[in-house]
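Have a look at the structure below before the remarks.
The values are calculated or read from the model by the stated rules, or taken from the named source; none is laboratory data. Treat the numbers as computed from the prediction; the structure is a model and nothing was measured. Please note: Cβ atoms are built from the backbone with ideal geometry, for glycine as well, and neighbour counts cover all protein chains shown.
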Amino acid sequence: MKKIQIFLAGIILVFVISIISLDASGQDKIKWYTIEEVQELNINNPKKVFIDVYTDWCGWCKKMDATTFQDPKIVKLLNEDFYAVKLDGEGQENINFKDKDYKFIPQGRKGYHELAATLMNGKLSYPTTVYLDENLNMLQPIPGYMKVEDLEPILIYLGQDYYKNVSWKDFIAQNKSNN
């Protein structure tokens, strides 16, 4: 009888640990929104916006998803300071952003989405991370794959408003001296 009780207690313990780890893993993921959701959320709770412009065929985009966007520091910074958006640079759905309709433009074998082209200033390069302020105005598009150590200071600089009072050069110099 005692062996059965120990066995059942072990099963219950494994079950409880599994439930806790499943719950904790949900907190370790970036909460991704659509651009339409962000516009609605920003009405009552303004935040800066981080947009990951990607394509399905982009290897560096997939690598960023698998590495950079899985890092707990990046997840925390994005979830706390930004609304994070995934935008398919070749998506075919119409998007209304700031009262303007953007659509897919067929070109060659694929095409591009007008909103992606607008946010990237016409330079279709994937991945590109785009940063908007709380009023959905452009702060900066930054093309290219980013490792955690590349993205983290940018998220801090823009997300925590250092950019309003400190130049990027001074911010980086100050943070290097603090490390």
(message) All but one of (1) of a type in the set (D, E, K, R); (2) free of Cβ contacts under 8 Å to residues at least 40 places away in the same chain; (3) surrounded by 13 or more Cβ atoms within 10 Å (Cβ to Cβ) hold for Glu93; state the number of the condition that does not hold.
(response) (3)
(request) Only residues that are of a type in the set (S, T, N, Q) and either in contact with a Leu (Cβ under 9 Å, 6 or more places away or on another chain) or modelled with pLDDT under 95 (or both): list them for segment 56-72, please. (result) Thr68
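Residue check: is Asp101 in contact with a Leu (Cβ under 7 Å, 6 or more places away or on another chain) and of a type in the set (Asp, Glu)?
Against the criterion (in contact with a Leu (Cβ under 7 Å, 6 or more places away or on another chain) and of a type in the set (Asp, Glu)), Asp101 does not qualify.
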(message) Considering only residues that are over 27 Å from Asn121 (Cβ atoms) and touching a helix residue (DSSP H, G or I) at 6+ places or on another chain (Cβ under 8 Å), which ones fall in segment 53-82?
(response) Asp71, Lys73, Val75, Glu80
(request) Might you let me know whether segment 89-111 holds any residue that is outside any loop (DSSP other than H, G, I, E, B), of a type in the set (D, E, K, R) and under 19 Å from the mean Cα position of the chain (by Cα)? (result) no
(request) Return yes or no: is Leu124 aliphatic (A, V, I, L, M) and modelled with pLDDT of 95 or more? (result) no
(message) Tell me yes or no: at least one residue of segment 67-83 is in a strand (DSSP E or B) and either of a type outside the set (Lys, Arg) or loosely packed, with under 14 Cβ neighbours inside 10 Å (or both).
(response) yes
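So which residues in segment 120-132 are surrounded by 16 or more Cβ atoms within 10 Å (Cβ to Cβ) and part of a loop (DSSP other than H, G, I, E, B), if there are any at all?
Met120, Leu124, Tyr126, Pro127, listed by residue number.
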(request) Would you please name the residue that is nearest to Thr55 (Cα to Cα), looking only at residues in segment 144-179 that are touching a residue at least 12 places away in the same chain (Cβ under 8 Å) and among the β-branched types (Val, Ile, Thr)? (result) Val148
(request) Take Thr118 and decide whether it is closer than 26 Å to Lys147 by Cβ and of a type in the set (S, T, N, Q). (result) no
